[in-house]
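K.L.:
First the structure, which I've put down as structure tokens, then a few questions once you've had a look.
The values are calculated or read from the model by the stated rules, or taken from the named source; none is laboratory data. Values in this document were obtained by computation on a predicted structure and should not be read as measured data. Ligands, DNA and RNA are stripped out before the accessible areas are found, and what is left, the full protein with its side chains, is counted by its heavy atoms. Shrake-Rupley method; radii C 1.70, N 1.55, O 1.52, S 1.80 Å.
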Amino acid sequence: MPDPDKSGAAREEAEEASAFSHPAAPPDVSAAYGDHPDQIVDFYAPRDGSTAAPLVVVLHGGAWRAPYDRAYLGPFCDFLARRGFAVANVEYRRGSSLPHQDAQGPIAGRWPETFDDVANALDTMPALVAEHLPSADARRTVVTGHSAGGHLALWAAARHVLPEGAPWRTPDSAALRGVVALAPLADFTLAEELGVCAGACVQLLGGTKGLFDERRPYTDPVELLPTGVATTVVQGRTDTTVPFALTEAYADAAAKAGEVVGVTYLEEVGHFPPIDPAADACAVVAEEIAQLAW
């Protein structure tokens with residue numbers, strides 16, 4: 001009898017290979033939102049030439065670690081542009097490129113720079129779009145993100161419910177049509193219990209349990225509810241990188257807070273098909289975005 005663990009691992013390996021097999025998709029224009037080299041946005045105009053197109057702000061994943069940058073989502077951004085969206089692919093500061101003495105690989109994230117950058121990028125986006133992507137309608141903005149970027153998308157929509165004194169807190173909710181989070185790290189405590197991404201959540205918040213506990217109320221999506229922002233999570237049932245248990249926990253926390261979060265589970269789908277233009281799951285994601293944007 002076939003070993004289901006081995007067959008599942010082989011499927012996920014094939015899915016990852018497919019997602020990373022596409023040719024690079026250079027943006028139409030790039031623009032800086034700060035002085036650091038990582039404070040940059042790649043813009044993709046809608047390929048159908050439409051004007052006043054909904055804007056999709058994309059936040060890449062990679063466990064907030066430096067080896068992973070926005071480039072891997074270039075084909076996904078181009079896919080959305082071919083669906084009539086204007087797209088902004090945001091880069092942000094991530095962890096070290098070098099292995100850390102207390103970690104098995106590169107450290108995840110920078111505190112507080114990772115959050116500074118996402119907040120700054122979203123705050124300056126209307127002005128950047130007006131100058132560099134005139135085909136976009138920033139009034140119809142949807143934020144999406146994959147994996148660790150899915151976490152950042154949920155966080156970006158929740159800044160108005162951050163604790164008092166948080167540097168990223170806004171007085172009002174973001175002017176967003178909604179959020180579509182793809183396999184997000186949406187519950188930090190559960191992620192650590194399950195060993196998701198080799199301790200990335202603790203590393204992101206400073207690397208110690210004390211800092212993790214202190215900073216989690218400012219950063220963990222399950223602690224930042226309700227947001228009042230329309231939110232959908234797209235999650236593969238066979239995802240072994242970010243298990244669907246995290247999505248279930250987030251949706252349950254939202255319900256307890258009096259908010260309904262839409263969840264679209266994709267059967268026999270792992271971590272990468274939602275951002276793979278060759279996969280049916282990617283078309284599902286585009287439709288979820290369209291339902292919020294239009």
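K.L.:
Using 0.36 nm per residue of separation minus the Cα-Cα distance, give me the extension gain between Lys256 and Ala32 in nm, one decimal.
P.N.:
The span from Lys256 to Ala32 would gain 76.7 nm if fully extended.
K.L.:
Cα gyration tensor of segment 13-123, axes a ≥ b ≥ c as square roots of the eigenvalues: rounded (a/c below 1.5), prolate (a/b > b/c) or oblate?
P.N.:
Since a/c reaches 1.5 but b/c is at least a/b, the shape of segment 13-123 is classed as oblate.
K.L.:
(1) 0.98; (2) 1.19; (3) 0.93: which one is Cα Rg over 2.2 N^0.38 Å as calculated from this entry?
P.N.:
(3)
K.L.:
So what does Tyr68 come to for accessible area, using a 1.4 Å probe and Å² rounded to 10?
P.N.:
Counting only protein heavy atoms, Tyr68 exposes about 110 Å² to solvent.
K.L.:
On to the next question. Please work out the average accessible area per residue across the chain, using the 1.4 Å probe convention, and give it in Å².
P.N.:
41
K.L.:
Roll a 1.4 angstrom probe over the protein heavy atoms and tell me the percent of accessible area of segment 105-202 that is carbon or sulfur. Walk me through the numbers before you get to the answer.
P.N.:
Details: 1730 of 3300 Å².
Carbon and sulfur: 52 percent of the exposed surface of segment 105-202.
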